[in-house]
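Notes to accompany the following structure.
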Amino acid sequence: MQKGFVAYNNEQKSLEAETEGIKNSQTLIQKAMNWFSARSMFVVAYGTGCGAIEMPPVFTSRYDIERLGVVGVATPRQADIMIVSGYCSLKTLRRVIRTYEQMSEPKYVIALGSCTINGGMYWDSYNTIKKLEEYIGVDMYVAGCMPRPEALIEGFVKLQESIRNNTIQPGYVKYREDYAYYQANQEKLLGKETQPVYEEDYAGMNLS
Amino acid sequence: MKNLQKTYEVTQKVERLFEVTVTQTDFWEAVLYISTQTEFNTLSQIACADWIEEEHFLLTYILTTDARDKNLMLKLTLGREYESMPSVMTLFPQAEVMERDLHEMYGIGFEGNETLYDFVLEQWHDLPPLRREFDTLAFVHEHFAFKGGREDNKDVKVEQKRRREEAKKQKALEAAKQEAKKQETEKQETEKPKEPNTHATDAEETQDKKPDTKEAEDGQ
Amino acid sequence: MDSKLIKIFHGPQHPGITGNMSVELDLLGETIKYARTHVGYLHRGFEKLVERRTVIQAFTIVCRICVPEPDPNEENFARAVEGLAGIEISERAKYIRVMVQEMSRLAAQMLWMGGQSGSIGMGTVGQWSLFDRDLMLDLFEELTGGRVYHMYTYPGGVRRDLPEGFLLRLSELLDYLEKKLPKYDSIFFDNATFKKRAIGTGVVPKEEALKNGYVGQTLRGCGIRRDLRKDNPYLVYDKLDFDIPVFDGGDVYSRALVRRGEMRESIKILRQVIAQMPAEGAIMQKLPKHRKFTLPKEDIYVATESARGEFGYYMAGDGTEHIRRMQVKGPSLIHGFTLLEKMLIDEELSNVAMIMNSLGICPPEIER
């Protein structure tokens, strides 16, 4: 987390140079807020896919991400970060959107695994979404199938850096401003009911 | 086992795996008899394979013994047009969830099973997905968009052929160039007697060659 | 008294659920009156994807069917293809496969121990056991190149030979684990809190266990000695000497003790494998027409004892390069529906996570 922990590559530097203007325009309070939110990240406990198997090692003694200020928390209302760990099936996507909308701002999303980026191994599956960023705002992608715990930690560190330096436009701002775009995508895929419907009446589903 | 062999024709597939084939009409009688009179009294899986060319489903009830040392495949064929089967829930309670699964994935009905509602899919309005006529790739292209960068993901064999031909062309070009150069140098050599200047020409030659070889590598 | 039921959903977004699934509960106060399992949050349609791929392409995705222990899936897939194509694998490959199975079993039990202790609020055990599991994963990484998904057990053998000195490092790890296991006894299995919560909770009735097709620790926890490694031996399990631990309480505690015994047995098996493994021999039997490998038009059923019970695969070939049908039946399918829905009735709400962990319910294998 300290300087030198992550070696910036040239790409990252050029990205920062582009957003130099944003960085300098923030007020003192904004700076302080960003510093605080980068130092305390509460991750909502929702293992959406198979990437969830690498979360216990990350949160326990071997990799111990708590040293970076990242802690698990049970409810979305107290959480800052959601890790979408791998493929999202259509049924899960409804819950993910609901969880995401319940989280209070500032909130960030880390998408874990190749399948959130472009379908990955399940690119021809009828039940998994291919691009997560079409449906909710995503801040950080960690590629791999499955990504190692070190990769996940690096994703966290990069996210913290960018929050602290205010170098990226957070996904939740995009989600709020372009809500119509996201909603159109959600409705195109999931129909009008983008939130889960729990109903007892399953009549009419019987094909025989 | 003896009881079973008396009434049905049993074939052994591999070690500890047997097979009995029945028709759809005497299925219920067979499963009742096997589960009560023989040692194969537990259901471990209901498998279904879609043989679309032969226009039927092949249903396989995999039964196992109390000692869990032998398996029996009880097979029957079923028409593909959303036909229904008697449910075996009363004999094996665990069949409930398996039948629910098959109903959703193939559209097979099970008479007597009350819980044939959504299992793993939610608000699904398309064909049952495991039927062979359901095209998952078409469904994907209809409902999802891919990120850019997949355009070069062409048919591998076509692409390989194209690249090989390109490389061949490059090689031919290169060979022609070298030939021309050789002739030039030969001319020069014939014109001029040997001088210490040859080192410089060598260096020039290699410099000229390098970009060519690079291009060829890219082509491959 | 006018009593009203409250409906709550235990999951999918819940720290006490074993994966991405959900249990719908009707509560009267704290007592559960009605329970129903909902799955489908992890459905990827593996069986459809496998039909679209060739045999060798399909091999790379089958391990993703069950996340905590992918190796029984690879083993099943490989054995089904070998059975259909009539391939006999070498003795050395068989021993390596047994080794992989037992390593995976040990790792899965370690992960279970973390989940089971976490479900009753004992955080320390998880910190220990996940660390020890990681040591096993390091060995897996050295052997196969992957921490979680290995893609190692290949139809016809295994994908590559053991690295130099691997067995030595494995036996060092076994020494370490053997020393560590008594410490787990004192912190977890003999812990008064755990005993008080677990004894008498989540009892599986013995009389229906065999008839309803329960498998694994659920059977062995209520005093029935069934294990596919003994009953229907595959690979070289019939040449190895090991016991099947059985306890007859039928409750969460008995199942925990069964798993504890299995960890010791796995270490015992691994030691025998290290001693008996032939030094020479082909590790892979080459598939006929490797790139255009076809399966005959037949079907087969194979089963493997995973860390949570019987994993069964039905596979049918159709004379082409593709598999016509591969149907997976994991141990959780019956446990998660037939058993769990019945068992949760009249239980306390606070015991749901503990019972689900104890049954080892893993949703990705229910819905594939």
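The values are calculated or read from the model by the stated rules, or taken from the named source; none is laboratory data. Here the structure is a predicted model, which means the values were calculated and not measured. Note that each Cβ is placed from the backbone with ideal geometry, even for glycine, and that neighbours are counted across all protein chains shown.
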Among the residues of the stretch B:106-114, is any at the interface with chain A (Cβ under 9 Å from one of its Cβ atoms), touching a residue at least 40 places away in the same chain (Cβ under 8 Å) and closer than 30 Å to A:E193 by Cα? yes
For the stretch B:179-192, give me each residue that is in a helix (DSSP H, G or I) and either free of Cβ contacts under 8 Å to residues at least 24 places away in the same chain or touching a Phe, Trp or Tyr at 6+ places or on another chain (Cβ under 8 Å) (or both). B:E179, B:A180, B:K182, B:Q183, B:E184, B:T185, B:E186, B:K187, B:Q188, B:E189, B:T190, B:E191
A:E16 - would you say it is more than 10 Å from every other protein chain (Cβ to nearest Cβ) and at pLDDT below 85? yes
Within the stretch C:126-134, identify whether any single residue is surrounded by fewer than 20 Cβ atoms within 10 Å (Cβ to Cβ), more than 10 Å from every other protein chain (Cβ to nearest Cβ) and out of contact with any strand residue (DSSP E or B) (no Cβ under 8 Å at 6 or more places or on another chain), and answer yes or no. no
When (1) free of Cβ contacts under 8 Å to residues at least 24 places away in the same chain; (2) assigned to a loop (DSSP other than H, G, I, E, B); (3) touching a helix residue (DSSP H, G or I) at 6+ places or on another chain (Cβ under 7 Å) are applied to B:V88, the one that fails is (1)
Of (1) more than 12 Å from chain B (Cβ to nearest Cβ); (2) surrounded by 24 or more Cβ atoms within 10 Å (Cβ to Cβ); (3) not β-branched (V, I, T), C:G309 satisfies every one except (1)
From the list B:K75, B:K147, which one is facing another protein chain (nearest Cβ under 8 Å) and of a type in the set (K, R)? B:K147
Taking the stretch B:8-46 and the residues there that are in a loop (DSSP other than H, G, I, E, B) and within 14 Å of chain C (Cβ to nearest Cβ), the one that is surrounded by the fewest Cβ atoms within 10 Å (Cβ to Cβ) would be B:E15
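In the list C:I274, C:I267, which residue meets the criterion of being assigned to a helix (DSSP H, G or I), among the β-branched types (V, I, T), touching a residue at least 12 places away in the same chain (Cβ under 8 Å) and touching a Ser or Thr at 6+ places or on another chain (Cβ under 9 Å)? Lay out the reasoning, then the answer.
Numbers: C:I267 fails: touching a Ser or Thr at 6+ places or on another chain (Cβ under 9 Å).
Of the residues listed, the single one that is assigned to a helix (DSSP H, G or I), among the β-branched types (V, I, T), touching a residue at least 12 places away in the same chain (Cβ under 8 Å) and touching a Ser or Thr at 6+ places or on another chain (Cβ under 9 Å) is C:I274.
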Candidate set: the stretch C:315-368, residues that are farther than 30 Å from B:F57 by Cβ and of a type in the set (S, T, Y); chosen: the one nearest to the chain's Cα centre (by Cα): C:S358
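List the helices (runs of 4 or more DSSP H) inside the stretch C:1-114, counting only whole elements, that have at least 3 residues being of a type in the set (D, E, K, R).
C:46-52, C:71-85
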Note: among B:R80, B:R100, just one is basic (K, R), under 21 Å from C:L333 (Cα atoms) and within 14 Å of chain A (Cβ to nearest Cβ), namely B:R100
Based on this model, can you work out whether B:D50 counts as under 18 Å from B:F110 (Cα atoms) and of a type in the set (D, E, K, R)? yes
Quickly run through the stretch B:115-126 and pick out the residues that are among the aromatic types (F, W, Y) and facing chain A (nearest Cβ under 8 Å). B:Y117
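Quick grid of which residues meet (1) modelled with pLDDT of 85 or more; (2) surrounded by 19 or more Cβ atoms within 10 Å (Cβ to Cβ); (3) in contact with a His (Cβ under 9 Å, 6 or more places away or on another chain):
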{"position": "A:S25", "(1), (2), (3)": "no, no, no"}
{"position": "A:L28", "(1), (2), (3)": "no, no, no"}
{"position": "A:V43", "(1), (2), (3)": "yes, yes, no"}
{"position": "A:C50", "(1), (2), (3)": "no, yes, no"}
{"position": "A:F59", "(1), (2), (3)": "yes, yes, no"}
{"position": "A:Y63", "(1), (2), (3)": "yes, yes, no"}
{"position": "A:E66", "(1), (2), (3)": "yes, no, no"}
Does at least one position in the stretch C:13-21 carry a residue that is out of contact with any Phe, Trp or Tyr (no Cβ under 9 Å at 6 or more places or on another chain), more than 12 Å from chain B (Cβ to nearest Cβ) and buried (at least 22 other Cβ atoms within 10 Å of the Cβ)? yes
